[in-house]
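Asks: Mind having a look at this structure? Questions to follow.
The values are calculated or read from the model by the stated rules, or taken from the named source; none is laboratory data. Not measured: the values here are computed from a predicted model. FYI the Cβ positions are ideal-geometry reconstructions off the backbone, even for glycines, and counts take in every protein chain you see.
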Amino acid sequence: MSRVNLAIIGGGLVGASLALALQAGAKARGWKIVLIEPFAPGDSFQPSYDARSSALSFGARQIYQRLGLWQAISRRAEPIKQIHVSDRGRFSTARLSAMEEGVPALGYVVENAWLGQCLWQGLDKDVISWRCPAEVTRLEPLEGGYRLTLNDETTLECDLAVLADGGRSGLREQLGIGIKHRPYNQSALIANITPSEAHNGMAFERFTDDGPMALLPLPDNRCALIWTRQGMDAQRLADLDERSFLSELQGVFGYRLGTLKQVGARHLYPLSLVEAEEQVRPHLVVLGNAAHSLHPIAGQGFNLSLRDAQALADALLDSEQVPGDFAVLQAYRERQRLDQNLTVGFSDQVTRLFGSKLPLLSVGRNLGLLGLDLLPPAKRWFARQAMGLGTRPDA
Ligand SMILES: Cc1cc2nc3c(=O)[nH]c(=O)nc-3n(C[C@H](O)[C@H](O)[C@H](O)COP(=O)(O)OP(=O)(O)OC[C@H]3O[C@@H](n4cnc5c(N)ncnc54)[C@H](O)[C@@H]3O)c2cc1C
């Protein structure tokens, strides 16, 4: 049996980013970190690096810049120059622009597969040892740490276990950590689309009575579509032949990008808001989707988790205590509480307000969008949330 200082369970977007945020400081302190992941990036079954793209906020760029990784990521990151928000069947639209906000871009769209490659290639193998392919099947608290059992029946002990497994592997339940679960009764259909006209860095968020959709700019003049519909309807759209699908999409989205010419593979994700009732225990942190899983339409889930990961790395490296000290973990949790509450609340409210057919809410969202365009402070607040800068005191 071996002992390490930190074991990160799950090498997805969040677990790998935490490893990167820790590695320089860990090297200086002589810490041993192990990263355990069932699938290598590039493996099409890897849940974090599947066919999806992520809208990275400007705040996420700043974090990866600090970690020395932005140059690699930016080689295939499409800058969002403007966001066009509209409500189908109503007059109101709002535009957010990078120029008005005084930033080079409101955010960046990156394919998860590319992001995954950049993250894994950035890991320093002398500090971060990988167990891949490997899966944690059991997690038990010990005096002063945790014992992990892997699927090959080997065990290892650590001072701090970070559960970044996305929340689907059952380890959270094994530890008796409850969740708050609110299903949206919707699925997100994702696919890459090629339009006939240049997207020029414009991202579109469009709200309809049947659910919100987003078309985000990608390199090579492709767009990443996230189309949210009731479960059965999303399945119907996923099953349509290419021509019928594009024609239905065109009907809902309109001709802002000319004709929608081609669609890639379509994938469905059932959506709900899941929040873990505990995020820290002595020698344990729950991180990423395992801690909070949000509706994707506002593009906030990973951005929030990246801020959590950076804050956790800072808290561990700023402390004189061994990793796992409960006071340090509680201080990390307190530091992120406001950011988490605001971001989870923002995504949930946007989803519920704009996803509703109720007449009063529809009027409300119409006013909301108009207000957004007419009232600079409201628009600025929305833009800062979208950029992942909302609660940063220094930004
Ligand atoms: C359609 C869609 C679009 C999205 N778009 C955006 C966006 O534009 N911007 C944004 O900020 N967020 C977005 N999100 C959210 C974002 O994808 C998630 O926040 C992010 O994937 C969470 O990463 P994670 O590493 O916590 O979890 P996951 O991505 O689920 O990764 C968990 C990892 O743990 C591994 N694992 C699982 N079980 C075990 C085990 N027992 N032992 C070891 N390893 C294990 C898995 O193989 C996986 O690699 C979107 C989500 C969806 C569904």
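Asks: Among the residues of the range 298-319, write down those that are closer than 16 Å to residue 6 by Cβ, surrounded by fewer than 24 Cβ atoms within 10 Å (Cβ to Cβ) and not hydrophobic (A, V, I, L, M, F, W, C).
Replies: Residues satisfying the conditions are 310, 314, 318, 319.
Asks: Any idea how many residues of the range 1-20 are of a type in the set (A, V, I, L, M) and either at pLDDT below 95 or near the ligand (Cβ under 7 Å from one of its atoms) (or both)?
Replies: Count: 4.
Asks: Are there any pairs, at least 6 apart or on different chains, whose C-beta atoms fall under 6 Å, with the first in the range 148-162 and under 23 Å from residue 316 (Cβ atoms) and the second surrounded by fewer than 15 Cβ atoms within 10 Å (Cβ to Cβ), and if so, which?
Replies: Within 6 Å, the pairs are 156/2; 157/3.
Table: residues versus (1) acidic (Asp, Glu); (2) in contact with a Ser or Thr (Cβ under 6 Å, 6 or more places away or on another chain).
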{"site": "21", "(1), (2)": "no, no"}
{"site": "39", "(1), (2)": "no, no"}
{"site": "50", "(1), (2)": "yes, no"}
{"site": "55", "(1), (2)": "no, no"}
{"site": "58", "(1), (2)": "no, no"}
{"site": "86", "(1), (2)": "no, yes"}
{"site": "117", "(1), (2)": "no, no"}
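Asks: Which of the residues that make up the range 306-360 are outside any helix (DSSP H, G or I), over 27 Å from residue 48 (Cα atoms) and at pLDDT 95 or above?
Replies: Residues satisfying the conditions are 319, 325.
Asks: Can you pull out every residue in the range 192-214 that is of a type in the set (A, V, I, L, M) and either more than 14 Å from residue 266 (Cα to Cα) or without any contact (Cβ under 8 Å) to a residue 12 or more places away in the chain (or both)?
Replies: 198, 202, 203, 213, 214
Asks: Taking only pairs six or more apart or across chains, which ones have beta-carbon atoms under 7 Å, a first residue in the range 67-89 that is in contact (Cβ under 8 Å) with a residue 60 or more places away in the chain, and a second residue that is part of a loop (DSSP other than H, G, I, E, B) and among the aliphatic types (A, V, I, L, M)?
Replies: Pairs that qualify, where the first residue is in contact (Cβ under 8 Å) with a residue 60 or more places away in the chain and the partner is part of a loop (DSSP other than H, G, I, E, B) and among the aliphatic types (A, V, I, L, M), are 79/105; 80/105; 80/106; 81/105; 83/106.
Asks: Pairs only if they're at least six apart or on different chains, beta carbon under 8 angstrom, first in the range 276-292 and farther than 14 Å from residue 302 by Cα, second away from the ligand (no atom under 13 Å from the Cβ) and β-branched (Val, Ile, Thr); list them, first residue then second.
Replies: 276/177; 276/179; 277/177; 277/179; 278/177; 286/177; 286/280
Asks: Based on what the data block shows, is residue 388 assigned to a loop (DSSP other than H, G, I, E, B), modelled with pLDDT of 65 or more and in contact with a Phe, Trp or Tyr (Cβ under 9 Å, 6 or more places away or on another chain)?
Replies: no
Conditions tested, residue by residue: (1) closer than 20 Å to residue 33 by Cβ; (2) crowded, with 22+ Cβ neighbours inside 10 Å; (3) within 16 Å of the ligand (Cβ to nearest atom).
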| residue | (1), (2), (3) |
| --- | --- |
| 283 | yes, no, no |
| 288 | yes, yes, yes |
| 321 | yes, no, no |
| 327 | no, no, no |
| 335 | no, no, no |
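Asks: Every residue in the range 293-302 that is in contact (Cβ under 8 Å) with a residue 60 or more places away in the chain and either within 7 Å of the ligand (Cβ to nearest atom) or farther than 15 Å from residue 57 by Cα (or both), please.
Replies: Scanning the range 293-302 gives 293, 295, 296, 299, 300, 302.
Asks: Does residue 166 satisfy the criteria of being over 16 Å from residue 78 (Cα atoms), within 16 Å of the ligand (Cβ to nearest atom) and at pLDDT below 95?
Replies: no
Asks: Next question, about the same structure. Just to be sure before I move on: is residue 236 among the basic types (Lys, Arg), away from the ligand (no atom under 14 Å from the Cβ) and in contact (Cβ under 8 Å) with a residue 12 or more places away in the chain in the structure I sent?
Replies: no
Asks: Tell me, which residue of the range 99-148 that is aliphatic (A, V, I, L, M) and under 21 Å from the mean Cα position of the chain (by Cα) is farthest from residue 326 (Cα to Cα)?
Replies: Restricting to residues being aliphatic (A, V, I, L, M) and under 21 Å from the mean Cα position of the chain (by Cα), the top hit is 105.
Asks: Still on this structure, I have one more. Residues that are buried (at least 20 other Cβ atoms within 10 Å of the Cβ) and more than 14 Å from the ligand (Cβ to nearest atom), at least 1 per element: which strands (runs of 3 or more DSSP E) completely within the range 21-135 meet that?
Replies: The qualifying strands (runs of 3 or more DSSP E) are 33-36, 82-87, 93-97, 128-131.
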